[in-house]
1. Taking only protein heavy atoms into account and a 1.4 Å probe, give the accessible area per residue of the chain in Å².
2. Sorted from largest down, give the three principal axis spans of the alpha carbons of the range 76-150, whole angstrom values.
3. When ranked by the protection proxy of mean other Cβ atoms within 10 Å per residue, highest first, what sequence do the peptides 29-41, 165-177 form?
4. Taking all protein chains as present, what is the carbon and sulfur share of the accessible area of the chain, in % to the nearest whole number, probe 1.4 Å?
5. Averaged over every viewing direction, what's the projected area of the C-alpha convex hull for the chain? Give it in nm², one decimal, please.
6. So what J values fall out for the range 35-48 if you push phi through Karplus, 6.51 cos²θ - 1.76 cosθ + 1.60 with θ = phi - 60°, rounded to Hz, Gly and Pro as x?
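The values are calculated or read from the model by the stated rules, or taken from the named source; none is laboratory data. Nothing here was measured: the structure is a model prediction, and the numbers come from that model. All Cβ positions, glycine included, derive from the backbone under ideal geometry; neighbour counts span all protein chains shown. Surface areas here come from the heavy atoms of the whole protein model, side chains and all, with no ligands, DNA or RNA. Shrake-Rupley method; radii C 1.70, N 1.55, O 1.52, S 1.80 Å.
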Amino acid sequence: MDFCALNLTVFLFVSFQDGRSFIIQNQAQFAKELLPLNYKHNNMASFIRQLNMYGFHKITSIDNGGLRFDKDEMEFTHPCFQKDHPYLLEHIKRKIATSKQQQLQAQQQADDKSALKLEAVSRVLTEVKNMRGRQDTLDSRFQTMKQENEALWREIAILRQKHHKQQQIVNKVRVYDRA
């Protein structure tokens, strides 16, 4: 079957709703006629799993509480599947499956990082506590030095007054000796 015929066959079973999703109509016929052209099977459930692995999600109808009783159709969407935006298609990629072991290793690494972060936070808190202690000690020393400085200035003021009085006395004695 050539490409044009394939495209026409697709449009027999697939409709594009709003440019952001597509609807597969008549699932049984879609699986019987179209899937074998592109896959080694005609299993609709396998095809849906493939869509899910590429990040497509089924849209459930609000009518009938999310179930479509009267229609044999399913709607799928993907954030990078948008009409008139073909450059987004390169972002539709198969999800990488992770094994239980990889998940456990990832969890262990996350736990290790958390433990390291807690240890770092604890270390920082200890350093802050030590710095506060040193700051308190320095504040106490500064206060003592300030008080000593004030006492020295008072003593200097007293000594200046005494010196001034003594100078006056010396000056009077000199005046008295000359007379």
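1. Values: 15070 Å² over 179 residues.
Computed with neighbouring chains in place, this is 84 Å² per residue.
2. Here the spans come out as 83, 38, 17 Å, largest first.
3. Details: 29-41: 14.0, 165-177: 9.5.
Ranked by mean Cβ neighbours within 10 Å, highest first: 29-41, 165-177.
4. With neighbouring chains kept in place, the figure for the chain is 56 percent.
5. On the way: hull surface 108.7 nm².
Taking a quarter of the hull surface, the average projection is 27.2 nm².
6. 4, x, 6, 10, 10, 8, 8, 10, 8, 5, 4, 5, 4, 5
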